[in-house]
């Protein structure tokens, strides 16, 4: 295991990790991913269009209580240098594509995600891991990869649709509030989280499946029934 350098995607740090450590392990260690779920693309489409619309815009033109700056970098790939965690025999690195980065007027940067969601969604705290991962990669990049430092703020721009309009030309519109939700930066907690992740990946066998994981339940039933 000492020669392993795990590639970690920030997008897996929220739902996949929370839903099932076994599925997370199988994806990273054994390259055995879950089948792609059949999900509506509408939320991703809205987030992507928000990203494109706000590109190059001043932050105060988006939401009045945001720090002064400009949305400068959109949907760029990042990769970190290898991360050696205390007490771990293997290393890991971050590789993924962020939504946007703000260049603040004071010369620092902000890593942000666009989300179509309820502002009080219980999922919002999970996105902190993703933002911290992109931040680490930007401040500790692999050679030749995008480097931006220092990152002073992390946050979400959340769109919560609450009204619908239709026009005579058959076009339609969603209307709702935009909210800036700042995420407190906590590098110590993020590195502790990475330590937990690598501890799971260094196990010789996959951990047990989560009782709430539909994929694991399906596999287990299939094995028992021989179907």
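The values are calculated or read from the model by the stated rules, or taken from the named source; none is laboratory data. For clarity, every value in this text was computed on a predicted model and none was experimentally measured. Every residue, glycine as well, gets a Cβ built from its backbone with ideal geometry; the counts of neighbours run over all protein chains shown.
Out of the residues in segment 113-130 that are within 10 Å of the chain's Cα centre (by Cα) and either part of a strand (DSSP E or B) or surrounded by fewer than 18 Cβ atoms within 10 Å (Cβ to Cβ) (or both), state the one that is modelled with the highest pLDDT. Working first, answer last.
So the first thing to find is which residues in segment 113-130 are within 10 Å of the chain's Cα centre (by Cα), and the list is 113, 126-130.
Next, from what is left, pick out any that are either part of a strand (DSSP E or B) or surrounded by fewer than 18 Cβ atoms within 10 Å (Cβ to Cβ) (or both): 113, 126.
Numbers: 113: 93, 126: 84.
Out of the qualifying residues, it is 113.
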- Could you grab me the full set of residues in segment 20-50 that are within 15 Å of the chain's Cα centre (by Cα) and closer than 26 Å to residue 160 by Cα? 43, 44, 47, 48
- Message: For the structure I just gave you, tell me whether residue 7 is in contact with a helix residue (DSSP H, G or I) (Cβ under 8 Å, 6 or more places away or on another chain), outside any helix (DSSP H, G or I), in contact (Cβ under 8 Å) with a residue 60 or more places away in the chain and surrounded by fewer than 16 Cβ atoms within 10 Å (Cβ to Cβ).
- Response: yes
- Could you tell me whether residue 69 is more than 21 Å from the chain's Cα centre (by Cα), closer than 26 Å to residue 118 by Cα and surrounded by 12 or more Cβ atoms within 10 Å (Cβ to Cβ)? yes
- Pick from 133, 137: which is part of a helix (DSSP H, G or I), touching a residue at least 12 places away in the same chain (Cβ under 8 Å) and more than 11 Å from the chain's Cα centre (by Cα)? 137
- Kindly check whether there is at least one residue in segment 32-39 that is in a loop (DSSP other than H, G, I, E, B), at pLDDT 95 or above and touching a helix residue (DSSP H, G or I) at 6+ places or on another chain (Cβ under 7 Å). no
- Task: Tell me, yes or no, whether segment 148-159 has at least one residue that is exposed (fewer than 15 other Cβ atoms within 10 Å of the Cβ), touching a strand residue (DSSP E or B) at 6+ places or on another chain (Cβ under 6 Å) and farther than 24 Å from residue 197 by Cβ.
- Result: no
- Item | From 46, 94, residue being assigned to a helix (DSSP H, G or I) and either touching a helix residue (DSSP H, G or I) at 6+ places or on another chain (Cβ under 8 Å) or at pLDDT below 95 (or both) | 46
- Message: Need the failing condition index for residue 190 against (1) without any contact (Cβ under 8 Å) to a residue 40 or more places away in the chain; (2) within 27 Å of residue 47 (Cα to Cα), just the number.
- Response: (1)
- Note on the structure: Matching residues in segment 155-185 (in a loop (DSSP other than H, G, I, E, B) and within 16 Å of the chain's Cα centre (by Cα)) number 2
